[in-house]
Amino acid sequence: MKVAILAGGLGTRLREETEYRPKPMVEIGGRPILWHIMKIYAAYGFTDFVICLGYKGDAIRDYFLSYETRNRDFTVTLGCGKIETHDGHSEDGWRVTLVQTGEKTMTGGRIKQIARYLDNETFMVTYGDGVADIDIRRLVALHARHGKLATVTAVRPLSRYGELSVQNGMVRVFQEKPQVRGGWINGGFFVFEPGVLEMIGGNDETLETGLLPRLADAGELAVYQHEGFWQCMDTYRETQLLNDMWIRGRAEWKIWS
């Protein structure tokens, strides 16, 4: 099953980083968040990726074109340019298709544009800026069990603030950045049947205001409720949070060995 990753947005709320590179290339622990997302899928055996490029997409192209020499020892013969790579890396066998889908194309339009690479089969989609300790196999199994055109993963995000439990003028419980136990939100990590491609309009259609509401109205949108860790990277503060978690060895989304 192919995994499409939406990696073409402008990332305007993270301008400190995205002025120079696309948001999926912003690093967590020395690796682009895009790599972290791909490792989550690969941990469950899903290693056939289609990356939807847009804003500063060449940075992502260059990253994968030089991946072997970035991550292996190699010998180069000067003059003829022959390169011999040595040893291996844990991403051996990944298949990555890079598709330029336009700088101003919306999320729905990007998926429509990659239809020819999806082989008319069930496929997965996620955003290029969110990580989770999600069990992808359980997500896929739930989608198959419900038999709907689409499944969305619902999550409860971390709070931006610490939470205090106060009693008789004293703090009884202090919890830093707890997971919110309120309503569910769209966490990405979708599974789609190929039939949804016919429901998407043009390049200006978003998943969030176009395809997904139509699927819900038609009774064709199942939900996988993920109770575990989930965190997006919309702001510089969230980038710092994820980096801090990685440095302290508390990266809950790191489900691979």
Residue pairs meeting the criteria (Cβ under 8 Å; at least 6 apart or on separate chains; first closer than 17 Å to D135 by Cβ, in the stretch 236-257; second part of a loop (DSSP other than H, G, I, E, B) and among the charged types (D, E, K, R)): E252/D133; W253/D133; I255/D133
From the options G147, G188, G162, residue that is modelled with pLDDT of 85 or more and over 18 Å from the mean Cα position of the chain (by Cα): G147
Odd one out for T85 among (1) modelled with pLDDT of 90 or more; (2) surrounded by 11 or more Cβ atoms within 10 Å (Cβ to Cβ); (3) out of contact with any Ser or Thr (no Cβ under 6 Å at 6 or more places or on another chain): (1)
Residue among A154, A222 that is part of a strand (DSSP E or B), modelled with pLDDT of 90 or more and more than 22 Å from E121 (Cβ to Cβ): A154
Options D234, D244; residue that is surrounded by 14 or more Cβ atoms within 10 Å (Cβ to Cβ), out of contact with any Cys (no Cβ under 7 Å at 6 or more places or on another chain) and farther than 26 Å from G147 by Cα: D234
Close pairs from the stretch 75-92: first on the phi > 0 side of the Ramachandran plot, partner in a loop (DSSP other than H, G, I, E, B), Cβ under 8 Å, at least 6 apart: D87/R72
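Residue-by-condition table, conditions (1) over 15 Å from the mean Cα position of the chain (by Cα); (2) within 23 Å of V140 (Cβ to Cβ); (3) surrounded by 12 or more Cβ atoms within 10 Å (Cβ to Cβ):
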| residue | (1), (2), (3) |
| --- | --- |
| K2 | no, yes, yes |
| R21 | yes, no, yes |
| G30 | yes, no, no |
| T69 | yes, no, yes |
| R72 | yes, no, yes |
| L78 | yes, no, no |
| D119 | yes, yes, yes |
Residue check, G202 small (G, A, S) and either farther than 22 Å from A42 by Cβ or modelled with pLDDT of 95 or more (or both): yes
Residue in the stretch 39-51 that is farther than 14 Å from I255 by Cα, surrounded by 14 or more Cβ atoms within 10 Å (Cβ to Cβ), among the aliphatic types (A, V, I, L, M) and out of contact with any Asp or Glu (no Cβ under 7 Å at 6 or more places or on another chain) present: yes
Residue in the stretch 92-100 that is modelled with pLDDT under 90 and either surrounded by fewer than 12 Cβ atoms within 10 Å (Cβ to Cβ) or over 24 Å from T206 (Cα atoms) (or both) present: yes
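The values are calculated or read from the model by the stated rules, or taken from the named source; none is laboratory data. Since this is a predicted model, take the numbers as computed values, not measurements. Cβ: placed from backbone, ideal geometry, glycine included. Neighbour counts: every protein chain shown.
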